[in-house]
Amino acid sequence: MVVTRIFGARIKRREDPRLITGQATYTDDVVLPGMCYAVFVRSVQAHARIRAVRTDAAQAHPGVIAIFTGRDLQEKMGLIPTAWLIPDSDLKTPPHPPLAVDRVRYVGDAVAVVLATTRAAASDAAALVEVDYEPLPAVADPEKAVQPDAPRLHDDVPDNVAFHWKVVNGDVDRAFAEADVVVRQRMVNHRLVPCAMETRGCVAHYNKGSGELTLWMTSQNPHIHRVILSGILHLPEHRIRVIAPEVGGGFGSKIPCYPEEAVVSFCAVELGVPVKWVEDRRENFVATIHGRDHVVYLEVAARKDGTITAIRGKCYANLGAYLSTAAPGIPTILHGLMMCGAYRIPNVHYEVLGVLTNTTPVDAYRGAGRPEATYYVERLVDLVAAELGMDPVEIRRKNFIPKDAFPYTTPTGLTYDSGDYERTLDEALRIVDYAGFRREQEEARRQGRYLGIGFSTYVEICGLGPSQVAGAVGFQGGLWESAVVRFHPTGKVTVLTGSSPHGQGEETTFAQIVADQLGVPIEDIEVLHGDTDLIPMGWGTYGSRTTPVGGAAIAVACQRILAKARQIAAHLLEAAEDDLEFENGRFYVKGSPDKAKTIQDIALAAHLAWSLPSGVEPGLEAQAFYDPPNFTYPFGAHVCIVEVDPETGEVKVLRYVAVDDCGRVINPLIVDGQVHGGITQGIGQALYEWAVYSEDGQLLTASFNEYAVPKAHQVPRYETARTETPSPHHPLGCKGVGETGTIAATAAVANAVMDALRPLGIRHLDMPFTPERVWRAIRQAQGPGGIP
């Protein structure tokens, strides 16, 4: 079927055939003549001085080409930088060498790299490298790390606090003094491992003749990697080409600039041969960034009618051993500024301590700060409702920002673009039959069954931009996006986007935008991305920005093409431009629909240039750089129903309803896919996933044997619906949907579990709700002797 309409068309992803039939090219599929293989020697100590690195035995191993240690690279490479320097926070950025030199600071910290003719030879030789460590005291807990007697990770960060950030507005002390009820709760948002299906990897090739480095890598933002690598490697930016082939999942873990890609690139330049490195899964658990990991102390003030008047909190954000690329901005700008959620809370005081510990560095993981904020706010709302004896639905209605208040500026300084929060909640209640469920719940309780229902009425900040705001909050880059839309003489279209999709389906949705704007069959449109030599500068894919920012750039470029095409059409039809209509890919004279030229006719005429209006250049293409005037703010209502087995503590998700509003929807099929995946990751955090460290910094969940991810049989059939509240500043009214499910789901599941356990007097449990944790809470609630 030839489809030329954008909104509402459930078009299957055009990317999928090559992905599911094994025809796609991933980084590990890249094979170059003469290529050697890199394997990193990693610390098994969480904190230790390096007395010596002995490589003689490894050097003698058959096939070994070279071995580099931290000292070998110390004068030849720059440090790994942090790209988000949040202001007014006493930020400290300790040096992060590509390979550890004098000290290792977490299990997985790389101390050497071995290069050999085969991967097996490199791995065998790496096992022969002897590192003489002097163990030092380690600390993995962020609260313990800030204590005066805690081990110090970096000499220039004496208290292990990398920054102290706060947002304050209103008269918070007065609100608490006058409150009818104050609810306090310590909460933990535990550490997660992103677990992308494809681990990280890269292939570096250096052409000595041209001085050009080509790097194939698992990247969500190739241009950003090129800029940062230029500084680390001391190579001119225009001599570096970064290519992101197919990327098998990112979830934020392929945003940062890691040491490994820089070291592999250095090795290719130094040795003059191509070098490949691909993580094994064990490395992925300890060397690729982790996500979340907060301990937070919260209190909320409310009146007896349920009106929430203030929120106050202090967050200990575990950043790991070094500040990763975007790490300072995740628990502050993308988290702290969202601590009022979807509610009209006039007074706020929230502070964040960014704490360094002997653990893997923490950075963006799907949602990146916003799932944490949503979890805290939504749990607090339920706790206040329980304290006041109110229905959790009614307290939400009481505090929602009303529809007529938008655009709405929060006490934290954000301006929500548009919203209709009650509408999504009403639709979710209708689908789930809320009154009917409460009756079913009461009957189940009489039978000794524990059912619970949980709500998450969230709002998120996404569509990351605008650049002026990015600069004001310390982000060391722009957040605009680029696009080129190019007609070929035969009427086919090529789209070049600075976004870097990797599973979001944008090769389909971007083609739909062009098809809708220009009236070209979607089969005639190709979308190219992920190659810095081919694509104009762009800032990549993260923060649900690909459609809101990258899609907007494409729409603007299409409008510029249409403006030029209208001039040419008027000339060819011998009509005034104002007398032309454009519909379904045809320019025609008003009142004379047979007097027409197709957009393909115009493209050919523009390339032939036999008859063009005076002053009009040949060709038909346009470039756009779109810098949004504001973020976008999707929202919605998620409802989860669970059953808790009181004998085993097992939690089963029975139903999950998601009503989301991401503005105008380009492709409902792809939106559903994004929501489904996000919900599953949110359920994973709530019930299964947990990166656990021992007190001395050993990762105890370092493989899928110990780290549980949700399986298909553990999640229900998701029930999705939507409302559409367009973003007033976006050219197409879109808002973004890539992180929605993850942001909303964890809180919905948590509130459902707590609702199920409420008859037992259990007020709050921290995630994950593993059978053991829930079982112990039930036994403890049953009184002395409840636990064997």
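The values are calculated or read from the model by the stated rules, or taken from the named source; none is laboratory data. The model shown is predicted, which means the values in this text are computed figures rather than measured ones. In this analysis, Cβ positions are derived from the backbone assuming ideal geometry, glycine residues included, and neighbour counts consider all displayed protein chains. For accessibility, only protein heavy atoms count, side chains too; no ligands or nucleic acids. Shrake-Rupley method; radii C 1.70, N 1.55, O 1.52, S 1.80 Å.
Okay, residues lined up against (1) open to solvent by 10 Å² or more (accessible area, probe 1.4 Å); (2) farther than 18 Å from LYS735 by Cβ:
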site: ILE395; (1), (2): no, yes
site: ASN399; (1), (2): no, yes
site: LYS403; (1), (2): yes, no
site: PRO407; (1), (2): yes, no
site: ARG449; (1), (2): yes, yes
site: GLY463; (1), (2): no, no
site: GLY471; (1), (2): yes, yes
site: GLY477; (1), (2): yes, yes
site: LYS492; (1), (2): yes, yes
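Kindly provide the set of residues from segment 415-439 that are closer than 21 Å to CYS340 by Cα and hydrophobic (A, V, I, L, M, F, W, C), ordered by number.
If the condition is that a residue be closer than 21 Å to CYS340 by Cα and hydrophobic (A, V, I, L, M, F, W, C), then LEU425 is the only one that fits.
In a strand (DSSP E or B), at pLDDT 95 or above, hydrophobic (A, V, I, L, M, F, W, C) and open to solvent by 20 Å² or more (accessible area, probe 1.4 Å): is that true of ILE50 in this structure?
yes
Quick one: which residue in ARG758, ARG722, ARG664 is closer than 18 Å to LEU451 by Cα and open to solvent by 10 Å² or more (accessible area, probe 1.4 Å)?
ARG758
Of the numbered conditions (1) aliphatic (A, V, I, L, M); (2) closer than 25 Å to GLU15 by Cα; (3) touching a Leu at 6+ places or on another chain (Cβ under 6 Å), ILE240 fails exactly one; give the number of that condition.
Among (1) aliphatic (A, V, I, L, M); (2) closer than 25 Å to GLU15 by Cα; (3) touching a Leu at 6+ places or on another chain (Cβ under 6 Å), ILE240 violates only (2).
If a residue has to be open to solvent by 40 Å² or more (accessible area, probe 1.4 Å) and either under 30 Å from HIS676 (Cα atoms) or in a loop (DSSP other than H, G, I, E, B) (or both) to count, how many in segment 479-490 make the cut?
Matching residues across segment 479-490 total 4.
Quick one: THR27 ticks every box in (1) farther than 30 Å from LEU128 by Cβ; (2) in contact (Cβ under 8 Å) with a residue 12 or more places away in the chain; (3) not aromatic (Phe, Trp, Tyr) except a single one, so which number is it?
(1)
Can you tell me how many residues within segment 110-168 are open to solvent by 60 Å² or more (accessible area, probe 1.4 Å) and closer than 24 Å to ILE333 by Cα?
4
What are the pairs, 6+ residues apart or on separate chains, where a residue within segment 738-756 that is more than 9 Å from CYS640 (Cβ to Cβ) and assigned to a helix (DSSP H, G or I) has its Cβ under 8 Å from a residue that is open to solvent by 10 Å² or more (accessible area, probe 1.4 Å) and at pLDDT below 95?
Sorted first by the residue in segment 738-756, then by its partner, the pairs are THR740/SER544.
Can you list the strands (runs of 3 or more DSSP E) found entirely within segment 534-650 that contain at least 2 residues being in contact (Cβ under 8 Å) with a residue 40 or more places away in the chain?
580-583, 621-626, 635-644
Taking VAL44 as meeting all but one of (1) more than 22 Å from LEU699 (Cα to Cα); (2) open to solvent by 60 Å² or more (accessible area, probe 1.4 Å), write down the number of the exception.
So the condition that VAL44 fails would be (1).
I need every pair where a residue in segment 502-520 that is farther than 16 Å from ALA624 by Cβ and touching a residue at least 60 places away in the same chain (Cβ under 8 Å) has its Cβ under 9 Å from the Cβ of a residue that is among the aromatic types (Phe, Trp, Tyr) and open to solvent by less than 10 Å² (accessible area, probe 1.4 Å), sequence separation at least 6 or different chains.
What qualifies is VAL520/PHE487.
Out of VAL111, VAL101, VAL39, VAL30, report the one residue that is among the hydrophobic types (A, V, I, L, M, F, W, C) and under 24 Å from VAL227 (Cα atoms).
From the options VAL111, VAL101, VAL39, VAL30, the qualifying one is VAL30.
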